[in-house]
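A quick write-up on the structure given underneath.
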Amino acid sequence: MFSYRHAFHAGNHADVLKHAVLIALLKHLAGRDTALMVLDTHAGAGLYRLDGDYANTSGEAINGVYKLLSDKKRGIVQVKKALLAANSVTKTDEKQSDILSDYIETVLSFNAKGAEKPTIYPGSPFIIQRFLQGRDRLKAFEIHPTDSKTLAANLAQLEAGRQIAILKEDGFEGVKKFLPPPSKRALLLCDPSYEMKTDYARVVAMVTDALKRFPTGTYAVWYPIIPRPEAHDLPRKLKTLANRVGKPFLNVSLTVKSSKLIKTAEGEVERPGLPASGMFVINPPFTLKAALEVAMPQIATLLGQDANAAYTIE
Ligand code: SAM
């Protein structure tokens, strides 16, 4: 049941998209006069070593966060050149997108200054904590016994006191007791592994219920784009839901490569690994779309692995 471990995937292209959008949401919502309640339904272990055994197994960060960091090291001019060469920005675009810069700064802030290569990758609870202030709160749900223990040990270093609560329980159900929040401001991140087919339906049921309990909350759902009917239907169902309750939404996707099966030199057929993913945000901050319109061409260009690299913003 629990074979998924996020450490294998930390810092991959899906994490870049998910965490870049999460940071943009936090920058807009956290640290205001009225407290923000952040609900992380599937928190993971919190911190990941990119040079550790898990991450090395697949090396997914090499095609994800490392591509952005090495470009950062080479400097903004180089990034701009690569983008211009790929025709994804015009000459009038002066700078790297704020979303991309904020994401890079956040990842680097968990690593020693001037390190040759960052070795620590922050998961969603650490990213969230970084932006909380005052009476903002985080409820982090993690059901896996090992990951919830690791998360507790990692978060203990922050001495965040009452700011963070770790709940070793089912996040889909557990969020109900926190909605609506007393301050009437909430951000929910739903990031399941979708290892179980039932996760897709549970996401829709949870968001439907959450919108009834607290219609003005911001709800962000990460989803994989893979050839599976449930995965294909998920953003469509969330869109129908948002339209039915009359709430604005933003659906952003990033494709880094073809989803076609690969034939190796030995004549074997291999799966290509996750080719694309998306973030569906209900009640997004009004500034998010314009910021993503600058960020996504840059992210797609920097992370694209073949001619299929693309993004959509809806
Ligand atoms: N959100 C994390 C991040 O961005 O760093 C990564 C989360 S990972 C994709 C999904 C996590 O959800 C896994 O650690 C898994 O153990 C956990 N999990 C699976 N089912 C769960 C459930 N019903 N409730 C809470 N956690 C669950």
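The values are calculated or read from the model by the stated rules, or taken from the named source; none is laboratory data. Just so it is clear, the model here is predicted, and its values are computed rather than measured. Every residue, glycine as well, gets a Cβ built from its backbone with ideal geometry; the counts of neighbours run over all protein chains shown. Just the protein is used for accessible areas: all its heavy atoms, side chains included, with ligands, DNA and RNA removed. Shrake-Rupley method; radii C 1.70, N 1.55, O 1.52, S 1.80 Å.
Among the residues of segment 117-137, the ones that are closer than 18 Å to Y48 by Cβ and either among the hydrophobic types (A, V, I, L, M, F, W, C) or open to solvent by 70 Å² or more (accessible area, probe 1.4 Å) (or both) come to 6 in all.
Just for segment 258-276: of the residues that are touching a Ser or Thr at 6+ places or on another chain (Cβ under 7 Å) and outside any loop (DSSP other than H, G, I, E, B), which one is least open to solvent (accessible area, probe 1.4 Å)? Lay out the reasoning, then the answer.
Filtering segment 258-276 down to residues touching a Ser or Thr at 6+ places or on another chain (Cβ under 7 Å) leaves 270, 272, 275-276.
Those still in the list that are outside any loop (DSSP other than H, G, I, E, B) too: 270, 276.
Numbers: E270: 92, A276: 5 Å².
Out of the qualifying residues, it is A276.
Tell me, please, whether a residue that is touching a helix residue (DSSP H, G or I) at 6+ places or on another chain (Cβ under 9 Å), more than 13 Å from the ligand (Cβ to nearest atom), touching a residue at least 60 places away in the same chain (Cβ under 8 Å) and not acidic (D, E) can be found in segment 146-166. No, because not a single residue in segment 146-166 is touching a helix residue (DSSP H, G or I) at 6+ places or on another chain (Cβ under 9 Å), more than 13 Å from the ligand (Cβ to nearest atom), touching a residue at least 60 places away in the same chain (Cβ under 8 Å) and not acidic (D, E).
One line per residue, one yes/no per condition, for (1) within 12 Å of the ligand (Cβ to nearest atom); (2) of a type in the set (K, R):
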| site | (1), (2) |
| --- | --- |
| G174 | yes, no |
| K177 | no, yes |
| P181 | no, no |
| K184 | no, yes |
| Y200 | no, no |
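What tally of residues in segment 77-116 results from selecting those that are within 17 Å of L26 (Cβ to Cβ) and either modelled with pLDDT under 50 or open to solvent by less than 20 Å² (accessible area, probe 1.4 Å) (or both)?
We begin by selecting, within segment 77-116, every residue within 17 Å of L26 (Cβ to Cβ); these are 97-110.
Okay, now just the ones that are also either modelled with pLDDT under 50 or open to solvent by less than 20 Å² (accessible area, probe 1.4 Å) (or both), so 97, 99-100, 103-104, 106-107.
The number of residues fulfilling the criteria is 7.
Annotation: of all residues in segment 29-49 being away from the ligand (no atom under 13 Å from the Cβ) and touching a strand residue (DSSP E or B) at 6+ places or on another chain (Cβ under 9 Å), the one that is modelled with the lowest pLDDT is R49.
If you check K73, K67 for being at pLDDT below 95, exposed (fewer than 15 other Cβ atoms within 10 Å of the Cβ) and either part of a strand (DSSP E or B) or away from the ligand (no atom under 11 Å from the Cβ) (or both), only one passes: K73. Residues in segment 294-314 that are closer than 17 Å to K27 by Cβ and open to solvent by 60 Å² or more (accessible area, probe 1.4 Å): V294 alone.
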